[in-house]
1. So, in the stretch 209-254, exactly how many residues are more than 20 Å from residue 136 (Cβ to Cβ) and touching a Pro at 6+ places or on another chain (Cβ under 8 Å)?
2. For residue 340, work out the one condition from (1) of a type in the set (Asp, Glu); (2) on the phi > 0 side of the Ramachandran plot; (3) surrounded by 12 or more Cβ atoms within 10 Å (Cβ to Cβ) it doesn't fulfil.
3. Determine which single condition residue 238 fails, assuming it passes every other condition in (1) on the phi > 0 side of the Ramachandran plot; (2) under 27 Å from the mean Cα position of the chain (by Cα).
4. Sort through 241, 170 and tell me the only one that's polar (S, T, N, Q), at pLDDT 90 or above and part of a strand (DSSP E or B).
5. Mind checking which residues of the stretch 154-191 are surrounded by 14 or more Cβ atoms within 10 Å (Cβ to Cβ) and farther than 13 Å from residue 232 by Cα?
6. Scan 409, 364 and give me the residue that is of a type in the set (A, V, I, L, M), under 28 Å from residue 62 (Cα atoms) and at pLDDT below 85.
7. Do we have residue 270 as at pLDDT below 95 and either touching a strand residue (DSSP E or B) at 6+ places or on another chain (Cβ under 6 Å) or over 30 Å from residue 232 (Cβ atoms) (or both) here?
8. Residue 201: over 60 Å from the mean Cα position of the chain (by Cα) and within 17 Å of residue 137 (Cα to Cα), yes or no?
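The values are calculated or read from the model by the stated rules, or taken from the named source; none is laboratory data. These numbers were taken from a predicted model, which means no experiment stands behind them. Cβ coordinates were reconstructed from backbone atoms using ideal geometry, including for glycine residues, and neighbour counts include every protein chain displayed.
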Amino acid sequence: MNIKKTISIALMVAAGAAGGWLANGLFASAPREPSTRASGAGSCPGGTEPVYWKAPMDPSYVRDVPGKSPMGMDLLPVCAEEGDELPGGAVRIAPGLIQKMGVRTALVERRDLTRVVRAVGRVDYDERLVEHVHIKVQGWIEKLYVKYEGEMVKRGQPLLELYSPELVSTQEELLIAARYREATGDSPFPDVKRGGDDLFEATRRRLELWDIPHRDIDQLLDRGIVRKTLTLYAPASGVVTHLMVRKGMEVGANDNLYTIADLSRVWVYADVYQYELAWIAEGQRGVVELSYLPGVSFEGVVTYIYPYLDPTTRTARVRLELDNPRGVLKPDMFANVSIEAQTLKGVLSVPEEAVIRSGRRNLIVVALGDGRFQPRDVTIGLETGDGWIEVRDGLRESERVVTSGQFLIDSESKLQEAVQKFLASGDDSTHLAVTTDSAVTTDSAIRTDSTDGAEHSVPNGEMEGASLEGHAMPAEVAGAAEHVMPAGETSHDGHDKRPHSNEPKE
């Protein structure tokens, strides 16, 4: 009973496979006609010929004849606008699509552009108000009046007392020269009298060149007593920033004893990025604010722009000078600096978001009206930092530019330009995209109904010799039909090809 059932099922499968094979061969052998829905004249309004044809799902697939796209869809005609010539690179976009793209525009206008350059600043000493105290003779410190750094001193205040054998001997020489000048003052010989005067002046001049104050020299001459030590006084008012001497130390002519800085006026160094340097000029007003004094600002003036950049931060140093009468601004403080840059009067400007920066050039999409848009190269100038940018070339006043959605419009413009170049070249259409012929023919497949659904592919055209009466097939098909069937499969005549015995099956 099982054997009969198995044979019946095999015969049914074989019959279905044979029917499918024959039907597939008949349909595959029939040639496919190209679509005529998008072909022929009259596809455009007024019966005009299309400019070119493009794929519905791939705008980059362009042909100069109708046909099929790689996806099997009919190519769509692209018609020329009647009575309206578009400028080079311009495109036309439907009003509905413009709204979907979110296109916004703005006018090109003349306006005054200005910028406030903001930077981080650092307070420093005014280098012109820093004094270094030295001596010009060798000696030893006998007494120290100013003993620590940070101490405030006034001009003429005693700093230290110095013992120097050279100073002592020079004092004695001055007293001797003074007595000699008095002795020769009444001489009848002019040369003798002039010699006494010259010796006195030369000795006094030596002490003056050693920075001995005039009052100490006059006191020496009045009293006639040589002092063991001489007092060194502060050359300027300010704060002692460096103290390099202590009592009993030996000092020489090259030693820096004190550094005194006057903080009544300070410098502020602002680090400005190089793209903002075009806005900075000497004489501009600057405002300095400190984080620990909210609401308090200090005004200064830009006095110098350094001619080099910091190699680490790539910023330029801009110097401002500020009065500091109360000493609020202390060196090495950080501050926020705002420099009011010069104003550019009546320059052509557009919103900053209208510019497309590609690295090599700058583009702006101009709205020509009636849905027409044209990308245009422009030369830009200074940027305000608050949304406006100067345009030096490429635009005219009162033109309207696109500020949103311009990237999509620029892409469409490039595509249209490429299409026009392609059509004008007259080259083979395969240079732009990979396509098939307009009369599309595909390879046919013969499916044999088997238990595992195996398929035997037969090239197109080789089934033309097959018939319903079992006529001879090409060698390729015959060879494919004679292959060994996997276990469990049945042949086209329904016989089971797997090994079996005569024993009844359960």
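1. Qualifying residue count, the stretch 209-254: 0.
2. (2)
3. Of everything listed in (1) on the phi > 0 side of the Ramachandran plot; (2) under 27 Å from the mean Cα position of the chain (by Cα), residue 238 misses just condition (2).
4. 241
5. 168, 170, 171, 173, 174, 175, 177, 178, 180, 181, 184
6. On the way: 364 fails: at pLDDT below 85.
The unique qualifying residue is 409.
7. So residue 270 fails the test.
8. Working: over 60 Å from the mean Cα position of the chain (by Cα): yes; within 17 Å of residue 137 (Cα to Cα): no.
The answer is no for residue 201.
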